[in-house]
Amino acid sequence: MRLIKTEIPDLCLIEPKVFGDERGFFFESWNRRTFESLGIAADFVQDNQSRSVRNVLRGLHYQIQRPQGKMVRVITGEVFDVAVDLRKCSPTFGKWIGFTLSAANTRMAWIPPGFAHGFLTLSESAEFLYKTTDYWHPEHERTLLWNDPTLDVAWPLIDNPVLAPKDQAGSAFRDAETYA
């Protein structure tokens, strides 16, 4: 596996070693020892999977009192994935990073606790998997407004996104609950 650092420390992409031939391919998507050797020591407690059609935007979600670290990847299709640093003590507080995750590139992203996360489906449909370091606690879930002008996330939109009601009603960055 290869670790790809990003402009935001602690948030990284992981490129697995893919073994392929005429039959198909194989790669290891999680191995505690390998990830610890890359500097990612995470104790995952829950796996989630979603399927979205083109132009669905999910996010930007986070849990305020029970922050979740997430290991995310796409198993079919392609998404534009975004993470926003909500850690006030961080030099990158309020900064976002976006990248393409797809079944074709097999990349994964490690999004540490303290970040809001979301994605836009770029392909006809996409299946998205993520491992989390804490359970889902709906009472602590928060949504950051996906199109907040302060953040100015450069979503690669070709039309208005398809949003859930909670994503339409997200908090502005200036009003959002953040981490110490």
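The values are calculated or read from the model by the stated rules, or taken from the named source; none is laboratory data. Source: prediction; values computed, not measured. A quick note on method: Cβ atoms are made from the backbone with ideal geometry, for glycine too, and the neighbour counts reach across all protein chains shown.
Taking segment 88-108 as the range and being touching a Ser or Thr at 6+ places or on another chain (Cβ under 9 Å) and assigned to a strand (DSSP E or B) as the test, the residues that pass are ILE97, PHE99, SER102, MET108. The condition (being assigned to a helix (DSSP H, G or I) and either under 16 Å from LEU57 (Cβ atoms) or of a type outside the set (Phe, Trp, Tyr) (or both)) is satisfied by just one residue among LYS166, LYS131: LYS166. Just one of the numbered conditions (1) within 19 Å of the chain's Cα centre (by Cα); (2) over 25 Å from ARG66 (Cβ atoms) is not true of ASN48: (2). When segment 7-30 is limited to residues that are outside any strand (DSSP E or B) and without any contact (Cβ under 8 Å) to a residue 24 or more places away in the chain, the one that is surrounded by the most Cβ atoms within 10 Å (Cβ to Cβ) turns out to be LYS17. Within segment 143-161, the set of residues being over 15 Å from the mean Cα position of the chain (by Cα) and under 16 Å from HIS61 (Cβ atoms) comprises LEU145, ASN147, ASP148, LEU151, PRO161. Only one entry of LEU120, LEU151 meets the criterion of being under 30 Å from ARG2 (Cα atoms), in contact (Cβ under 8 Å) with a residue 60 or more places away in the chain, outside any strand (DSSP E or B) and not polar (S, T, N, Q), and that entry is LEU151.
Can you confirm whether LEU101 is farther than 22 Å from SER29 by Cα, aliphatic (A, V, I, L, M) and either at pLDDT 95 or above or surrounded by 13 or more Cβ atoms within 10 Å (Cβ to Cβ) (or both)? In short, no.
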